[in-house]
1. Please state which of the following conditions residue 78 fails to meet, knowing it meets all the rest: (1) at negative phi; (2) in contact (Cβ under 8 Å) with a residue 24 or more places away in the chain; (3) more than 18 Å from the chain's Cα centre (by Cα).
2. Only residues that are in contact with a helix residue (DSSP H, G or I) (Cβ under 7 Å, 6 or more places away or on another chain) and surrounded by 15 or more Cβ atoms within 10 Å (Cβ to Cβ): list them for segment 161-179, please.
3. Only one of 45, 68 is modelled with pLDDT of 90 or more and assigned to a loop (DSSP other than H, G, I, E, B). Can you tell me which?
4. Evaluate segment 186-202: report whether one residue or more is surrounded by fewer than 14 Cβ atoms within 10 Å (Cβ to Cβ), touching a helix residue (DSSP H, G or I) at 6+ places or on another chain (Cβ under 9 Å), outside any strand (DSSP E or B) and touching a residue at least 12 places away in the same chain (Cβ under 8 Å).
5. Tell me yes or no: at least one residue of segment 90-108 is under 16 Å from residue 166 (Cα atoms) and crowded, with 16+ Cβ neighbours inside 10 Å.
6. Is it true that residue 182 is surrounded by 20 or more Cβ atoms within 10 Å (Cβ to Cβ), assigned to a strand (DSSP E or B) and touching a residue at least 40 places away in the same chain (Cβ under 8 Å)?
7. Check segment 109-119 and report whether any residue there is outside any strand (DSSP E or B), under 30 Å from residue 31 (Cα atoms), touching a residue at least 24 places away in the same chain (Cβ under 8 Å) and out of contact with any strand residue (DSSP E or B) (no Cβ under 9 Å at 6 or more places or on another chain).
């Protein structure tokens with residue numbers, strides 16, 4: 001039942017965002033640029049998110065709020081957007097108990113002063129449940145490896161066109177585990193192409209700074 005529910009959720013996001021991005025009928029040119037504050041930036045670009053925060057986990061509840069940090073890379077193939085990365089969670093930033101490697105498909109919206117993205121896909125979870133001590137017995141640590149699903153939503157307020165700061169909400173689930181959390185994230189884009197030239201052959205949009 002849990003696996004069927006997870007598959008339905010992932011398929012819903014995949015189909016929904018596929019149709020949403022196919023609505024854009026403008027011709028695609030990977031060299032398209034925009035001009036902003038005397039600098040040229042790629043319209044179709046990739047970016048990196050680095051972040052850290054806190055999360056709740058049904059497997060790890062000592063303490064109730066676990067710390068987390070991770071990296072996420074968002075890239076495009078023509079107009080379609082994908083992501084991949086990892087998340088590390090644990091009792092503290094130096095005491096990890098859970099690692100998730102994830103990848104998937106999603107929707108991205110970028111403007112001059114913000115960047116928004118929502119992505120869903122599969123993840124591979126690795127972790128350890130620490131030993132459990134009782135008055136009469138000691139339960140050994142349990143190692144686990146499971147496939148699951150991963151959903152993330154982020155919003156970035158830009159400081160510069162290609163650098164920003166924002167927040168991310170994520171959910172990591174598998175048949176025996178549920179995790180949800182938040183992160184503060186740094187945004188670094190590979191959009192920069194150089195300063196404005198006398199002739200800007202590929203500039204399609206111009207914005208005043």
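The values are calculated or read from the model by the stated rules, or taken from the named source; none is laboratory data. If you're wondering where the values come from, they're calculated on a predicted model, not measured in any experiment. A quick note on method: Cβ atoms are made from the backbone with ideal geometry, for glycine too, and the neighbour counts reach across all protein chains shown.
1. For residue 78, the exception is condition (1).
2. Matches in segment 161-179: 173 only.
3. Going through 45, 68 in turn, the sole match is 45.
4. No, segment 186-202 contains no residue that is surrounded by fewer than 14 Cβ atoms within 10 Å (Cβ to Cβ), touching a helix residue (DSSP H, G or I) at 6+ places or on another chain (Cβ under 9 Å), outside any strand (DSSP E or B) and touching a residue at least 12 places away in the same chain (Cβ under 8 Å).
5. yes
6. The answer is no for residue 182.
7. So in segment 109-119, the residues outside any strand (DSSP E or B) come out as 111-113.
From what's left, under 30 Å from residue 31 (Cα atoms): 111-113.
After this cut, where a residue has to be touching a residue at least 24 places away in the same chain (Cβ under 8 Å) as well, the list is 112-113.
Imposing the further condition that a residue be out of contact with any strand residue (DSSP E or B) (no Cβ under 9 Å at 6 or more places or on another chain) reduces the set to none.
No, segment 109-119 has no match at all.
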